[in-house]
Amino acid sequence: MKKHNFNAGPSVLPRIAIENSAKAILDLNGIGMSLLEISHRSKDFQAIMDETVALFKELLEIPENYHVLFLGGGASLQFCMVPYNLFKTKAAYLETGVWAQKAIKEAKFFGNVEVVGSSADKNFTYIPKNFAIPKDADYFHITTNNTIYGSEIHTDLESPVPLVADMSSDILSRPIDVSKYALIYGGAQKNLGPAGVTFVILREDILGKTDRPIPTMLNYKTHIKEGSMFNTPPCFAIYTCLETLRWIKNLGGVQKMAEMNKHKAQLLYNTIDNSKMFVGTVEKDSRSLMNICFVMKEQYKDKEDAFMDFAKGKGMIGIKGHRSVGGFRASTYNALPLESVQAMVDCIHEFEIINS
Ligand SMILES: *Cc1c(COP(=O)(O)O)cnc(C)c1O
């Protein structure tokens, strides 16, 4: 049976990226050795790193004065690395979900954190509006896509202080104006590649403003200076990112991704909105195009397990909602084909016909 992979992360990747990665594991570009057994200092790997950085910059139109890093430690290490490098006296954070809360927790180790807006009052079902960003904050941190709750900030915010964004789960899903951000980071394993590598995009002039001593590995300057090769980088994960970036470029870039993602999300949200049994959990203008969360209406709550079994029987994978939301979550990242969304839509329709 065909599987439809709605996993939230690690998640679906372009088939071609997986096939080419498999080939590179057996023999990288015909050099007679595996990608897994060459030195990260070899010219073969340097070429991979250079192309990955160059394609990332090209696809996101990253301006000249920004650096792109590929590091270990996950987005979770960035929660502490960001304040380590940028925090002087005070930082501002937007609290839009569990990941934002984890970022806030780490920042608090460094001093005063002002939470300028929060949607915790309604279980993070919306993106706060009309919040004021304090002009004396060293930076303002946002999570652009809330993977667990299915809400998303769809525009590049204006900020009077350096804007820092966790884009783990919506990087490359749409064009962004990188010049509006001082630093963007994320784990690769949602929309870019396999687990094990973290991307960081940053403007160098934001560094060096704190006089705190920074351990070598946690200092962005170390990794800028060494081109992400101060220590051994996650070579294989970076290679699969490269193959994903090539796939995005071949299809027409992030503009094309945005069109496809909009189309896919609309199809599923329309189905949910017109459904007798299901209801979306997030306010309409805050809905994520990447993680679509929905539950059963109160009078059908007892049918959630039955739907889960029914959907499994139709090849749907990874649609169980996160325990803090319940219900269902369909992650519709770049590489998820339209036919999988259509299969999900059919699954909902069929279940409703049988059960109502
Ligand atoms: C998955 C995720 C993280 C955590 O990423 P790790 O690489 O596992 O540390 C952080 N932020 C967001 C928005 C995520 O989706």
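Treating r as the C-beta distance of Arg15 and Lys262 and R0 as 35 Å, the FRET efficiency rounds to 0.95. Applying both filters, DSSP loop and at most 16 other Cβ atoms within 10 Å, to the GluC sites (Glu not before Pro) of the range 2-65 gives Glu61, Glu64.
From the largest down, the range 174-314 spans 58, 37, 29 angstrom on the principal axes of its Cα atoms.
The ratio of the alpha-carbon radius of gyration of the range 42-139 to the globular-protein estimate 2.2 N^0.38 Å is 1.36. Percent of Cα-Cα pairs more than 25 Å apart in the range 89-222, please. Considering the range 89-222, 23 percent of its Cα-Cα pairs are separated by more than 25 Å.
Legend: P(r) of the chain from all alpha carbon pair distances, 10 Å bins from 0, whole percents, reading 5, 25, 31, 24, 12, 3, 0.
Averaging over all projection directions, the Cα-based convex hull of the range 228-286 occupies 6.9 nm² in the image plane. Report the relative contact order of the range 96-186, percent, no decimals, based on alpha-carbon pairs under 8 angstrom and at least 6 residues apart. Relative contact order of the range 96-186: 24 percent.
Chymotrypsin sites (Phe, Trp or Tyr not before Pro) within the range 73-160: which are DSSP loop residues with at most 16 other Cβ atoms inside 10 Å? Within the range 73-160, the qualifying chymotrypsin sites (Phe, Trp or Tyr not before Pro) (loop, at most 16 other Cβ atoms within 10 Å) are Phe131. Positive end of the charge dipole of the chain (Lys, Arg +1 and Asp, Glu -1 on Cβ, about the Cα centre): tell me which of Gly315, Asn274, Val12 has its Cα farthest that way. Of the listed residues, the answer is Gly315. Looking at the range 253-355, the pairs of alpha carbons with a distance over 23 Å make up 20% of the total.
At q = 0.17, 0.23 Å⁻¹ the log10 of I(q)/I(0) for the range 1-45 amounts to -0.62, -0.81, computed by Debye summation with a single uniform scatterer per C-alpha, solvent ignored. Note down the relative contact order for the range 71-223 as a percent, whole number, built from C-alpha pairs under 8 angstrom at least six residues apart. Value for the range 71-223: 25 percent.
Taken about its Cα centre, the chain carries a charge dipole of about 380 debye when Lys and Arg each add +1 at the Cβ and Asp and Glu each add -1 at the Cβ.
Remark on Lys88: its backbone amide H falls under 5 Å from those of Asp138, a criterion applied only to residues 5 or more positions apart or on other chains, H modelled at 1.01 Å from N. Sorting 38-47, 161-170, 217-226 by their mean Cβ neighbour count within 10 Å, with the most densely packed peptide first, gives 161-170, 217-226, 38-47. Using the average count of surrounding beta-carbon atoms within 10 Å as a protection proxy, the listed peptides 26-36, 320-330 rank, highest first, as 320-330, 26-36.
We did not get these values from a lab; they are worked out from the coordinates using the rules stated. Not measured: the values here are computed from a predicted model. Cβ: placed from backbone, ideal geometry, glycine included. Neighbour counts: every protein chain shown.
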